[in-house]
């Protein structure tokens, strides 16, 4: 798999990264192990985890697999901190059975979560450590100093941010060592090209695209309805997916299907190849529930979109 520099740093990562948000929830430890080995054998290096994924189960599973199956030094692990778990009290006063996450980027929470992540992963350092969200309630200099201290301590190799607006990214990049920014980017989510992409390029920050398949819409699975086993049918995610199944999405998916038919590949691979090669994008994170999905994702690595097809997708997806 091709390796790319992240922004203007010396850090190099695989241009497709493996997200672990399904691990511990839809993907058990055995299936996660198969995925990790296949990903690394294909040349992949970049992995994404978070204390918020399956309530911390994802990073614990990853920790069990690191070194046991894959040498730690062969991986570029991206983690984050800044989301505090809050128990959701049941209406009848029964004990809480679920958690919600609120933003808390205080020094106390950031460092506590960093230490917890390192313990769960069984490693001394994270390659990329990101502040998970913008926190208007914590002074910016407290956040940036904490990030800088984590890098200086050796527990973190490179600093990052997740899900920020352009002005927030620019503000952080001026005050802290920011190398990477994770941001939703797909053929159905292009507004960042007007402000976030220029801000990242100006400050030398590499973008890592998240949700590059727009919650599965760009695979074409929803063209004929909502499959019963899809996230569009799940109570927790149905609303956010259904609200995006509009005429614009239909046109983009139709164009993807046409391009895939002409190239002898899948709409999924075409959608990933498009976002993978956008300006300022160093890599993308995509998760797989099983090995079948991961195989389809890895197929995108060898796909190079002809200019005419990339241009046609640009046109049909513009807003």
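Normalised by the number of residues in the chain, what is the relative contact order in percent for Cα pairs under 8 Å and 6+ residues apart?
It rounds to 19 percent for the chain.
Across the chain, what fraction of all alpha-carbon pairs, as a whole percent, falls in each successive 20 Å bin from zero upward?
For the chain, the binned pair fractions read 32, 60, 8 percent.
Taking only C-alpha pairs under 8 Å that are 6+ residues apart, what is the relative contact order of the stretch 1-74 in percent?
Worked out over the stretch 1-74, it gives 32 percent.
For the stretch 155-201, place one equal point scatterer on every Cα, skip the solvent, and apply the Debye formula. What is log10 of I(q)/I(0) at q = 0.30 Å⁻¹?
Once normalised to I(0) and log-transformed, intensities are -1.18.
Obtain the radius of gyration and the Kirkwood radius of the stretch 97-144 from its C-alpha atoms and give Rg over Rh.
1.00
Hey, what number do you get for the chain at 222 nm if only DSSP H runs of n ≥ 4 count, each worth -39500 (n - 2.57), divided across all residues, to the nearest 500? Intermediate results must be reported in sequence, preceding the final value.
Working: 11 runs with 120 residues, N = 319.
Taken over the chain, the calculation gives -11500 deg cm²/dmol.
If neighbour count is taken as other Cβ atoms inside 10 Å, put 1, 291 in order from fewest to most. Present the calculation step by step, with values, prior to reporting the outcome.
Details: 1 19, 291 13.
Ascending number of Cβ neighbours within 10 Å: 291, 1.
Give the order of 215, 134, 167, 129 when sorted by the count of other beta carbons within 10 angstrom, beginning with the fewest.
So the residues, fewest neighbours to most, are 167, 215, 134, 129.
If you line up the long axis of helix 107-121 against the longest principal axis of the chain, both from Cα atoms, how many degrees apart are they, to the nearest 10?
Taking the Cα atoms of the chain, the angle to 107-121 is about 70 degrees.
Given bins 5 angstrom wide, list per bin the percent of all Cα-Cα distances in the stretch 100-254, short to long.
Each 5 Å bin holds this share of Cα pairs: 2, 8, 16, 16, 15, 13, 13, 9, 6, 2, 0.
Viscosity 1.306 mPa s, temperature 10 °C: what is the translational diffusion coefficient of the stretch 1-145 from Stokes-Einstein with a Kirkwood Rh over Cα pairs, rounded to a whole number of µm²/s?
97
Would you mind getting me the FRET efficiency between residue 171 and residue 3? Use the beta-carbon distance for r and R0 = 41 Å, nearest 0.05.
0.85
Report the convex hull volume per residue for the stretch 137-226, counting only C-alpha atoms, in Å³. Kindly include the intermediate steps, with their values, before the conclusion.
Details: hull volume 11.1 nm³, N = 90.
Each residue corresponds to 123 Å³ of Cα convex hull volume.
With labels modelled as points extended 7 Å from the Cα through the Cβ direction, what inter-label distance (nm, one decimal) is found for residue 38 paired with residue 193?
Those two pseudo-labels are separated by 3.2 nm.
Taking 1 over the mean of 1/r across every pair of different Cα atoms in the stretch 254-315, what Kirkwood radius in Å do you get?
12.0
So if R0 is 41 Å, what FRET efficiency would residue 124 and residue 240 give, r being the distance between their Cβ atoms, rounded to the nearest 0.05? Could the numbers behind the result be given before it?
Details: r = 37 Å, r/R0 = 0.91.
Calculated transfer efficiency: 0.65.
Once both axes come from the Cα atoms, what is the angle between helix 247-263 and the longest principal axis of the chain, in degrees from 0 to 90, rounded to 10?
The angle comes out at about 70 degrees.
Could you tell me how many degrees, from 0 to 90 and to the nearest 10, lie between the Cα long axis of helix 140-153 and the main elongation axis, the longest principal axis, of the Cα atoms of the chain?
80
I'm checking a number: the convex hull volume of the Cα atoms of the stretch 114-166, normalised per residue, in Å³. What is it?
Normalising the Cα hull of the stretch 114-166 by residue number yields 87 Å³.
Only bridges with both residues in the chain count here: give the DSSP antiparallel percent, nearest 5.
Numbers: 10 of 41 bridges.
Percentage antiparallel, nearest 5: 25.
Counting DSSP beta bridges in the stretch 118-192, what percent are antiparallel, to the nearest 5?
On the way: 1 of 10 bridges.
Of the beta bridges lying entirely in the stretch 118-192, close to 10 percent run antiparallel.
What are the principal axis extents of the Cα atoms in the stretch 1-74, in Å, biggest first?
Largest first, the stretch 1-74 extends 34, 24, 18 Å along its Cα principal axes.
Could you give the length gained on full extension between residue 201 and residue 107, defined as 0.36 nm per residue of separation minus the Cα-Cα distance, in nm?
Values: separation 94, 0.36 × 94 = 33.84 nm, distance 2.82 nm.
Gain on extension, residue 201 to residue 107, equals 31.0 nm.
Values in this text are rule-based calculations from the coordinates and carry no lab data. In this text, all values refer to a predicted model and were calculated from it rather than measured experimentally. Cβ atoms come from the backbone with ideal geometry, glycine included; neighbour counts cover every protein chain shown.
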